[in-house]
Amino acid sequence: MNIRSLLAVIVFIIVVLVAVPVLIAKSGRWDFYYTLTSVALLSIASAGVWFTFYIGRINIGQGAYALAGGYVSAVLVMKADMNFWLTLPLAGIFCAVLSVFIGMPILRLRGVYFAMVTLILTEVMRLAALALPVTNGAKGITSIPLPGAVSIGGVTLLPDFNTLENPKLAFYLVSATLMIICYGVLWRIVNSRLGHLCRSLQQNEELAASIGVNISWLRVLAYSISSFFGGIAGAMFIAVSQSIYPSSFQVADSVNFMLNCFLGGLGYVFGPMLGTLVLYFGWDLLFSTGKYQLLIYSSMIILLILLLPNGILSLGLFNRKIKADKHRDQEGQ
Amino acid sequence: MAALLSVQGVTKRYGGLIAVNNVSFDVAASEILSVIGPNGAGKSTLFKLISSFTQVTSGKVLLEGDRISNLTPHVVARKGVVRTFQEATIFRAMTVRDNIIVSHHLRSQASLLGFFLGSAKARADEAAFGDSADDIIEFLGLQGIANEVASNLPQGHLRALGMAIGLATGPKVLLLDEPFAGMNHDETMHMVNLVRRLRDDRGVTVLLVEHDMAAVMKISDRIVVINFGQKIAEGTPSAIQSNDQVIEAYLGSEDDVIGM
Ligand SMILES: Nc1ncnc2c1ncn2[C@@H]1O[C@H](COP(=O)(O)OP(=O)(O)O)[C@@H](O)[C@H]1O
Ligand SMILES: [Mg+2]
């Protein structure tokens with residue numbers, strides 16, 4: 001990383017963690033916390049979808065992992081009395097492991113075939129949540145307690161959310177932090193050898209195999225990282241809403257995760273974050289149009305994808321920096 | 001002559017069609033051996049069988065005595081047998097240099113986690129891959145286009161890049177499928193020299209499929225001829241040129257004429 005991108009990252013972190021809360025406090029629009037918390041968490045799930053795009057697979061099944069992650073966390077908190085913060089990584093790991101078993105057969109498929117199967121996966125997960133005894137069926141799991149405290153060696157890292165005056169702010173801060181960490185990890189993956197191998201897979205699987213890349217293993221690895229993101233996003237989301245139902249994440253959510261990636265730009269690590277922000281706010285802004293909301297929203301997405309096939313980040317405004325990055329990458333290697 | 005690579009009674013059926021029929025031959029270390037034959041004779045299929053891109057119906061392929069048939073491509077590549085493709089096959093959206101760097105995968109000492117964390121081993125790997133890539137770029141004369149995106153390259157350069165990718169894996173045996181296709185005479189002769197130097201300077205054993213007979217005669221230590229999936233002759237270029245069966249096979253086909 002050069003000085004300029006480091007500076008950009010620092011400014012971004014300050015805006016997200018300091019400027020936004022200050023502005024919300026000034027304007028009194030406390031409802032924005034929930035909106036922005038949602039954006040942060042949905043953008044984590046979208047980041048996972050983006051990473052499956054990165055190995056050349058269209059993933060319309062992230063809702064399934066968000067739902068599974070949510071249930072794992074909810075069940076562990078409610079039935080095993082576990083601290084939420086412990087269930088968060090467990091939800092991610094559960095989804096990563098689950099996706100290995102699901103991914104091994106389906107990742108052989110390409111293009112529209114893979115996309116179709118993942119789409120169905122979301123529906124299968126919803127039906128499983130309806131049917132399994134542990135999920136409490138259609139009634140869902142409600143009144144999930146707020147996250148407890150985390151302390152290591154007597155030092156409190158995170159306070160008990162029940163003791164907080166403003167848990168909304170706390171949820172926003174942890175969600176935004178989680179998002180920043182996830183995107184940092186994704187950025188690092190993409191710029192390390194793993195990313196380079198994923199690009200080789202995306203561009204030519206046969207050739208990747210012939211240079212010695214274990215392509216089926218790499219596909220499963222990438223898919224499980226992707227699903228890990230889906231799982232922790234789902235778990236965190238459920239902690240915020242304190243309830244989960246089989247319909248908490250559905251096919252429409254899976255489609256949205258994918259659209260966030262398209263819209264932000266498949267060629268850019270931070271594309272899905274921007275895409276999620278724009279789509280989520282776009283949908284909210286159109287609320288006043290009542291019954292035309294979906295019509296206008298869908299038409300605008302179609303238009304945007306037609307006009308900007310490489311995503312919002314492909315606009316000239318952002319391109320200069322991206323190109324500079326690419327150039328530097330070449331020199332750096 | 002101890003065989004480095006040994007093809008033993010290999011057969012491949014596609015439904016009712018026998019694409020490769022009981023073919024056997026040995027390749028010695030540091031040999032350049034060409035497989036020739038009319039279109040559809042089964043040459044590319046033979047390469048796919050040797051590199052485990054497809055599975056043999058019967059027979060086996062041995063590398064230094066170990067079976068390498070009916071494994072998977074990446075395992076065979078790890079053992080040192082790497083193929084290039086008939087159609088110029090590259091990573092389109094990467095630069096020439098990145099194409100070559102990523103193809104050093106098998107030479108990684110560090111784990112993927114090490115690369116993620118930027119461990120000392122990973123940084124050493126990266127430096128080594130960079131140096132080796134530059135070395136290969138120079139060897140193949142690609143300096144001028146090292147930072148070009150591969151999809152912009154003309155045919156001749158694509159072929160050279162395909163070979164560079166194969167070379168980057170550090171192979172014992174390189175399988176080149178029609179490496180001179182789409183090249184003019186000068187380009188072909190340049191490539192012929194490079195393939196020779198691949199063997200002479202780098203000790204790589206080369207197995208190649210080629211239609212350009214002038215090039216084949218010039219480059220090969222030995223030639224294996226197949227027709228309708230069967231081996232019909234094997235020998236030195238001069239022996240093959242005067243082999244009646246070979247001449248007949250080629251006179252029977254329209255687009256290939258044997259000769260210098
Ligand atoms: N995947 C496949 N399925 C069915 N038939 C195939 C397949 N690959 C090759 N063939 C057939 O096998 C024969 C040999 O093909 P190939 O090895 O490509 O020939 P060559 O490279 O010598 O021109 C041809 O008749 C071809 O149609
Ligand atoms: Mg062929």
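The values are calculated or read from the model by the stated rules, or taken from the named source; none is laboratory data. A quick note: this is a predicted structure, and the numbers were derived from the prediction, not measured. Cβ atoms come from the backbone with ideal geometry, glycine included; neighbour counts cover every protein chain shown. Quick note on the areas: whole protein, heavy atoms, side chains included, nothing else; ligands and nucleic acids left out. Shrake-Rupley method; radii C 1.70, N 1.55, O 1.52, S 1.80 Å.
Being assigned to a strand (DSSP E or B) and over 28 Å from B:TYR14 (Cα atoms) is the filter here, so list the residues in segment B:205-231 that pass it.
B:THR205, B:ARG222
Of the strands (runs of 3 or more DSSP E) that lie entirely inside segment B:1-44, those containing 3 or more residues that are within 12 Å of ligand 1 (Cβ to nearest atom) span B:3-14, B:17-28. In summary, B:ASP186 fulfils each of the numbered conditions (1) out of contact with any strand residue (DSSP E or B) (no Cβ under 8 Å at 6 or more places or on another chain); (2) open to solvent by 40 Å² or more (accessible area, probe 1.4 Å); (3) more than 14 Å from every other protein chain (Cβ to nearest Cβ); (4) touching a residue at least 24 places away in the same chain (Cβ under 8 Å) with the single exception of condition (4).
Every residue, every condition in (1) surrounded by 14 or more Cβ atoms within 10 Å (Cβ to Cβ); (2) closer than 18 Å to A:ILE58 by Cβ; (3) at pLDDT below 90, yes or no:
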{"residue": "A:ILE106", "(1), (2), (3)": "yes, yes, no"}
{"residue": "A:GLY111", "(1), (2), (3)": "no, yes, yes"}
{"residue": "A:THR118", "(1), (2), (3)": "yes, yes, no"}
{"residue": "A:LEU121", "(1), (2), (3)": "yes, yes, no"}
{"residue": "A:LEU127", "(1), (2), (3)": "no, no, no"}
{"residue": "A:LEU132", "(1), (2), (3)": "no, no, no"}
{"residue": "A:ILE144", "(1), (2), (3)": "yes, no, no"}
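Would you confirm, using the coordinates I've provided, whether B:SER52 is part of a loop (DSSP other than H, G, I, E, B), more than 16 Å from ligand 2 (Cβ to nearest atom), buried (at least 18 other Cβ atoms within 10 Å of the Cβ) and within 15 Å of the chain's Cα centre (by Cα)? Yes. Residue selection: A:TYR71 fails the criterion of being assigned to a helix (DSSP H, G or I), surrounded by 20 or more Cβ atoms within 10 Å (Cβ to Cβ) and at pLDDT below 95. Of the residues examined, B:PHE228 is not one that is aromatic (Phe, Trp, Tyr), under 29 Å from B:TYR250 (Cα atoms) and either crowded, with 18+ Cβ neighbours inside 10 Å or more than 16 Å from ligand 1 (Cβ to nearest atom) (or both).
Give me the residue from segment B:55-73 that is touching a strand residue (DSSP E or B) at 6+ places or on another chain (Cβ under 6 Å) and assigned to a loop (DSSP other than H, G, I, E, B) and, out of that set, farthest from the other protein chains (Cβ to nearest Cβ). Here the answer is B:THR57. Pairs are defined by a Cβ separation below 8 Å, a sequence spacing of at least 6 or placement on different chains, a first member in segment B:11-35 that is away from chain A (no Cβ under 14 Å), and a second member that is within 11 Å of ligand 1 (Cβ to nearest atom) and among the polar types (S, T, N, Q); the pairs so defined are B:THR11/B:ASN21; B:LYS12/B:THR45; B:LYS12/B:THR54; B:ALA19/B:THR45; B:VAL20/B:THR45. Filtered by the rule that a residue be within 26 Å of the chain's Cα centre (by Cα) and at the interface with another protein chain (Cβ under 7 Å from one of its Cβ atoms), segment A:190-214 gives A:SER192, A:ARG193, A:LEU194, A:HIS196, A:LEU197, A:ARG199, A:SER200, A:GLN203. For segment B:74-107, the set of residues classified as assigned to a helix (DSSP H, G or I), more than 8 Å from chain A (Cβ to nearest Cβ) and either of a type in the set (Ser, Thr, Tyr) or crowded, with 24+ Cβ neighbours inside 10 Å (or both) consists of B:VAL76, B:VAL96, B:ASN99, B:ILE100, listed by residue number. Which one of these is away from ligand 2 (no atom under 16 Å from the Cβ), surrounded by 18 or more Cβ atoms within 10 Å (Cβ to Cβ) and more than 23 Å from B:LEU198 (Cβ to Cβ): B:GLY15, B:GLY114? One residue alone meets the criteria, B:GLY114.
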